[in-house]
Structure formats: structure tokens, C-alpha cells
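So the structure is just underneath, and the comments pick up after that.
Any read-out appearing in this document is the output of simple, stated calculations on the displayed coordinates, not a laboratory observation. On a predicted model such as this, the values are computed, not experimentally measured, just so you know. Because the Cβ atoms are built from the backbone with ideal geometry, glycine has one as well, and the counts that use them run over all protein chains shown.
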Amino acid sequence: MILKKLSILNYRNISSAELEFSPKINCLIGQNGEGKTNVLDSIFFLSFTKSTASSVDSTNVKHGEEIMMVQGIYELNDAEEEISIGMKLHQKKTVKRNKKAYKKLSEHIGLLPLIIVSPKDSELIGGGSEERRKFMDLVISQYDGEYLSALSAYNKALQQRNSMLKTEEEPNIDIISVYEEMMAMYGEIVYKKRSEFINEFIPLFQDFYTAISGGNETIGLKYTSHCERGPLLEVIQRDRAKDLIMGYSLHGIHKDELEMTLDGFPIKREGSQGQNKTYLISLKLAQFNFLSRTGSKTTPLLLLDDIFDKLDSTRVENIVKLVLKDSFGQIFITDTNRENMDKLLEKSNGEYKLFNVTAGQIKAI
């Protein structure tokens, strides 16, 4: 898959941009806060119909403006696809494929597979378990529609059960039981698919980490779930009395965890900045490899936002060698340092384009 053209109107700090990209490497250079990340975010927005920066769509509209539009022209499986997302302030966004609006946004997820590596990924290690579940959800939902439907149905049942647990009146146990049965049914589907994904994913992840680090460290990734304690319905119902006291559901796949380790210890506690970043980049490159084989049968886009910071020269060189291989397709890279880009491009034999980003204005160099 190739993003050929990108049009932006009033997206975050970008007033207007019409960009044509190289099918291989596209470098965006500029100081922090100028809008480089917002360009990548607009591309992410076209794939997932949401921003990496905020779950509130209105925050993507440039300050002082009433409307926002992002449009991409893609080459996908030998056909041209036009995807556009537009909205007016205080109204719902509209997502269109070839000028026809989707009835459900979930129909769009997976069409334009994409992997982004950014400083926000540090939350995968330093944040709560919700961040690590989001990582699994983002990967699996791009190639498995049943997973996305089951996860959505589980979350609705969970929300309804929690609402009843919080009520001051005596809750109707029969209705709570119905929600528990729904949580168990859909939760078991989610658990099975997460388990299958992680089992396939771990060897890929370990291979990338070894290639970047030189093999001097041992990393681990382990998926844990309440489903391992027995049938999920029994696990949920076992502590219903405690849930009623707490006012929310203590057990279920919404509590699943990915344990991340370095040399047998939690990387959150043991890892240096360089090791943490190597771990995160390895996760994302393995994610790319996985989606290339299991997704929509097209090569995902790879977005690399400020990835060279806090890495030694050897690890940077190893990453560059990896991403310049033919197995990786179109790449978008941001950096504040022109020298970093020049070194990367020296090793590239393919096409590339350079863009300068200043105060939301984007110009080809």
C-alpha cells in the first residue's frame, strides 16, 4: 500500500497542506512543536478514524476554525482509493471511502494497515495495563473483524453491569446475570484471539530485539488473563458480592495484562532509556511484520516519529538497516536533526522526499 497524496485542512496546527509522497521514504524535518507529528497523526487518523493525541475529535480542529478535513489518495491492491474524514465543530465526523460514507466506522478498520512508533509508546512500559491491552487490540482489530465485534460487545456488557453495580438501589440479580453471561461469551472469544496472537507474536518480537541490540540482553513478553483461572462466567460470578461492594467489575478480560521483562525482571523497573526504546521499537516492527502476513494482504505504512533520540549509534544503525529492507514499504520519518536524515538516506538506494515543517507550514525541500 502507498499513500500517494495527502490533503489537510485545519487539522491541529496545520491550516492547509497538499502533499505528494515518495513510495518509499518520506522525511519531515523541523523543530519540536512545529507540526511534524501532526502530519503523521493525520495519516494515522485516516487509518483508524481517531487521533493518537486525543480521543475527543473536536480537539483535532485547528483553534479558531469551524471545520476540519483530511483526505488521502492511496494505491491499494492495484486500485486507487480515496479516503476522507471531515467534521464541523460540535458535530460528528464523517468518514468516506471513494466519496461514499461508511454506515459503521468499524467497517473501515483494517483497510489501511499502519504502524506508528512515537514517544507516546513509552506508556506501553510505564503506563497501566490498559495501554498494553490497547496495543493488542490495535493489532488484532486490523486483521480480525470478529475480534473487534466481540471486544465491543464485551465492553458494552461490562459498562451496563458496572452501572447496575454502582446503583444505590438493590440491583436486579437476574439482569446482572444476563450481562455476566454476555461478558463471559464475548470475553472468551477475545481471550482466545489474544492468546493466539501473542503466541505467534513473541518469536517475531524477540528476533527484532536481538537484531537491534546485538543479542546481549534477554527480553520477555507474557500474556496473563483471568480466563486462565477457569470458565470466565464462573470467575466473574465468584466475586459478585465483592463487586457489589466496590461498585465495579473486578474480573474479566478488561483486566488482562502483558508482562514485559528484561533479563527476567520487569523492564519498567530495570531498563535504561535505550533499552526501553529498543524494546518498544522491536514491539512495533514485529507488529508491522505480523500485519504484513495476516492483515489485508498489503504492506502497512510505517510511521517513525522521533525514534533516534536516546539510542546509541549502533542501535540506530541496526534500525536503519532493518527498515530499509524490501520487506518494509512506504516509510514516514520525523526528526529535528537534518544530519540524522542525511545519514539514513545515504544508506538508501530507493526514492525519497524531504519536507521542512515550520509553524504548521509544510514545504518540499
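Key figures
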item: Sites Ala79 and Glu169 - FRET efficiency at Förster radius 45 Å, r taken between beta-carbons, to 0.05; result: 0.20
item: Residue of Ile333, Ile281, Ile73 that the Gaussian network model of the chain assigns the largest fluctuation, springs spanning Cα pairs under 10 Å; result: Ile73
item: Calculated [θ] (222 nm, deg cm²/dmol) that DSSP helices of n ≥ 4 give over the chain, each run adding -39,500 (n - 2.57); result: -13500 deg cm²/dmol
item: Share, in percent, of DSSP beta bridges within the chain that are antiparallel, nearest 5; result: 70 percent
item: Loop trypsin sites (Lys or Arg not before Pro), the stretch 305-365, which have at most 12 other Cβ atoms in a 10 Å radius of their Cβ (DSSP); result: Lys325, Lys347
item: Sparse-neighbour loop sites [chymotrypsin sites (Phe, Trp or Tyr not before Pro); the stretch 34-63; at most 12 other C-beta within 10 Å; DSSP]; result: none
item: Highest-MSF residue in the chain out of Met182, Met341, Met246 [GNM, Cα springs under 10 Å]; result: Met246
item: Pairs beyond 27 Å (Cα-Cα), from Lys62/Lys297; Lys284/Lys321; Lys5/Lys103; Lys99/Lys284; Lys50/Lys103; Lys4/Lys321; result: Lys62/Lys297; Lys99/Lys284
item: Computed lengthening from Lys99 to Glu257, 0.36 nm per intervening residue step minus Cα-Cα distance; result: 52.9 nm
item: Where trypsin sites (Lys or Arg not before Pro) fall in DSSP loop in the stretch 176-273, at most 12 other Cβ within 10 Å; result: none
